[in-house]
1. Pick from 297, 283: which is closer than 19 Å to residue 109 by Cβ and more than 41 Å from the chain's Cα centre (by Cα)?
2. In the list 106, 163, 199, 136, which residue meets the criterion of being farther than 25 Å from residue 870 by Cα, in contact with a strand residue (DSSP E or B) (Cβ under 6 Å, 6 or more places away or on another chain) and not assigned by TED's automatic domain parsing to the domain that holds residue 305?
3. Take residue 230 and tell me if it is in contact (Cβ under 8 Å) with a residue 12 or more places away in the chain, out of contact with any strand residue (DSSP E or B) (no Cβ under 8 Å at 6 or more places or on another chain) and not assigned by TED's automatic domain parsing to the domain that holds residue 357.
4. Among 753, 741, which is the only one that is assigned to a strand (DSSP E or B), free of Cβ contacts under 8 Å to residues at least 40 places away in the same chain, under 30 Å from residue 641 (Cα atoms) and not assigned by TED's automatic domain parsing to the domain that holds residue 577?
5. Which of the residues belonging to the stretch 270-282 are in contact (Cβ under 8 Å) with a residue 40 or more places away in the chain and surrounded by 17 or more Cβ atoms within 10 Å (Cβ to Cβ)?
6. Among (1) closer than 26 Å to residue 118 by Cβ; (2) more than 45 Å from the chain's Cα centre (by Cα), there is one condition residue 188 misses while meeting the rest; what is its number?
7. Of the residues 538, 551, which is touching a strand residue (DSSP E or B) at 6+ places or on another chain (Cβ under 9 Å), exposed (fewer than 14 other Cβ atoms within 10 Å of the Cβ) and at pLDDT below 90?
């Protein structure tokens, strides 16, 4: 399906072109030390939508329909009762046909004489075929508290090989959190086809709160764990006597406060208890914590069901006169220096800490090293960091080491900070000095060289070739970046002006002693002196190799145009008997043979009688390519129509790929009549109630045109949409619409063009509309339309939010969340939604909510039916241990409409960071062309820091963007895998070749997501321009032998207008061919986490 998404498409495009990297470090089951190059996509999406999402944490669920409470369904207390649903329904499933029956039983599970537990049964029967069925059953639970409030949800499965003659039973049991009335919304999905098979509601009235405990007792023990004879550790014990026999999974949630002149919250922690318990027996659980500082503490303790977050024990515990815990019983630092490059001088330093921990437990340390070089002052030149994660034993020695290679000869200082990752408490802070270091030399030898040439054959040197010969000292893989900054000496003002920048990347296998050569060719844009500042660096070691400057004097500018002539031809395009359009062309004779690209720019000025000056009104830009032959004539041309009657001046430049100017010319066009594209037009609008709530929420704004010309007409419509803010008393921008009319028309006939937009709020909206030619700033229509008393369009009628937690790294702690929305719609038909996930992490050290993940996306593209439930969900794995607030927002995209329909926040607490193997990655990206991109190879290189087994699932979502209507077409969602045994420090590759669809779309996006089980490891985006006019690229065409031209030699600083000549011309269609600035492949050094 196609859906207008101009705001999103433009945001994604801008994000790509801006090349804004985002870095993070993640620990994963098969992943760690991940280095990523990311785009700020989702913030750009939201900003382009003009919507500021408010932060409202800890909200789960909203807006549920009022549910009835039927007292006839209440059984006698203490007696199991059977209830049969009011109907027996027959369901026709795409997979199988079957019937179902529902009833429920009530129980007194805590034996207090009151009903506290419900068990809901479903009987499936009368299957018409024998086969596997796979039902996903969602249970949403609401509690009546003056209104229906969502409190819990669960997902269950019924997977069975069914036979027509048999009956199958599935049941679900739930215990009451509070005294009162409940309603269970139950949806059974046929998972194999993603459709809703059963939608049911069960009401349960006068339930009694389930009492988890018969009795409990708490006591405290204090310890000296660091061996200094002072109590530094507290252990809080609970003896729990459960009221029932069953499996229990409970969470002990603890908020810790320290007396710092006031009770300062310093930590949130917890423990988990899962066991099959027997009523009447006693079970002990405990929580241990080490003091951060000397002083007094208070612990707010809450024991709750882990699955439901329902607290059944809450209290405060005080701890006085605690002594701070010392992590290390002792440590030693060793500094060694080495000669790594074999020149007999020390160029590498190794700093190692041998640590004896004072305790036996899990330890996590962060090691930060800031490096300073004496350059007349202590100049900060680098930052490195390491991490230590391990189960430690008191009395054993653990080593943490850091190596660094000198960049320059001289003196260095290392600022070293080691702190506890969990609490942020600094453990070691010190300086290490390194004097008389020698710079590491990667190369055994190298030499730079350059040669200059007369490339265009005019007798003066205009081209330089700059190169280097490298001889490396070792055999292996090197990654070398080359940056050449080119500056031009501005003699008039006496300084160097920037002229150009060249970037290249060499990733190659080298052999010690072999010669490797790199070179570049550059063409002078003008005569004069140039400076080439060369910076070459080894990226893995982050070591500068070469820094030097060359100077070169160009005798003249490179210009492959030997002779040229300009011409123009006037015409009456609108048929009123007066010339209103000009075609301007250039005939060129070249000194070179081969493929050539030229860029034509025209600045168009109009003579203003009042100011007696030329005023700028428009510009024109085009590209021309051709395979040219030396000493043969070629031409290019463009067409432009006058805005108003009067005199015009065209200042035209033709430049090459090096940015040098080949031709400059000025052409005057006098006594011109205005071109009128439209003979007549009128506008109109119609309102609609799209969400069927009795209020107008959608407007269609249209235009009827009658043209003065026949042929292809290309018009761009843009509309700025403003909302009347009653509080501020002015119009506020809310959205932007772009659309296109591209059609072959006949003069005198009427054509209609319209767009639809749905209101993003209740109130009044203003549409400032401009319709202009596709390659001109002239507006043929300008007007403002006001739409009053609009109602917000709500495609989503009802929704529930839910989440599930998983232990994906199998360490016994939850590290991954699946968060989803169940939706019903107010309107049937093709529907395109984008889910946006926004994640905030509670930064305990700095005490604020920190945005950490803002670029995840999911797509919903289905033909929906009113009042049928659909599901959309994300999975995400925690970067750090702690607490999170997660926002799930849905953006609706249809026609010109782009707005946020829903935003829900979920609190995810006491989370464990996702653990696993370390790996780095970089992207593989190759494109294959004929006239347009035909296929693309996308992939990833992985480098693992440990040996092990990896099993990645890789999802490739492909979207095509249509230039005409600015829409997205969700082309496909494809899955692949990367499964292998990996070895430490060896690169592995996964890639896929994708054939591009031959369509009129002008851009394709590849959204690539890599999962390890449920864990989401990588989100990446690649965009590629397709050029919908590829078959009609503007060509440098041979000049016919019969044509006449006034020729010129290469232009000096100014040229004069040539005489008008009538030459068979080539009227071009307006098109821009743009190359996407692809995100550079780089191994990112920085790690956060």
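1. One residue alone meets the criteria, 283.
2. Exactly one of 106, 163, 199, 136 is farther than 25 Å from residue 870 by Cα, in contact with a strand residue (DSSP E or B) (Cβ under 6 Å, 6 or more places away or on another chain) and not assigned by TED's automatic domain parsing to the domain that holds residue 305, namely 106.
3. yes
4. 741
5. Hit for the stretch 270-282 is 270, nothing else.
6. Against the list (1) closer than 26 Å to residue 118 by Cβ; (2) more than 45 Å from the chain's Cα centre (by Cα), residue 188 comes up short only on (2).
7. Working: 538 fails: exposed (fewer than 14 other Cβ atoms within 10 Å of the Cβ).
The conditions single out 551.
Every residue, every condition in (1) crowded, with 16+ Cβ neighbours inside 10 Å; (2) in contact with a strand residue (DSSP E or B) (Cβ under 9 Å, 6 or more places away or on another chain); (3) modelled with pLDDT under 90; (4) closer than 30 Å to residue 616 by Cα, yes or no:
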{"site": "750", "(1), (2), (3), (4)": "no, yes, no, no"}
{"site": "762", "(1), (2), (3), (4)": "no, yes, no, no"}
{"site": "767", "(1), (2), (3), (4)": "yes, yes, no, yes"}
{"site": "777", "(1), (2), (3), (4)": "no, yes, yes, yes"}
{"site": "783", "(1), (2), (3), (4)": "no, yes, no, yes"}
{"site": "790", "(1), (2), (3), (4)": "yes, yes, no, no"}
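The values are calculated or read from the model by the stated rules, or taken from the named source; none is laboratory data. Given the structure is predicted, the values throughout are model-derived calculations rather than measurements. Here Cβ is always computed from backbone atoms with ideal geometry, including for glycine, and neighbour counts include all displayed protein chains.
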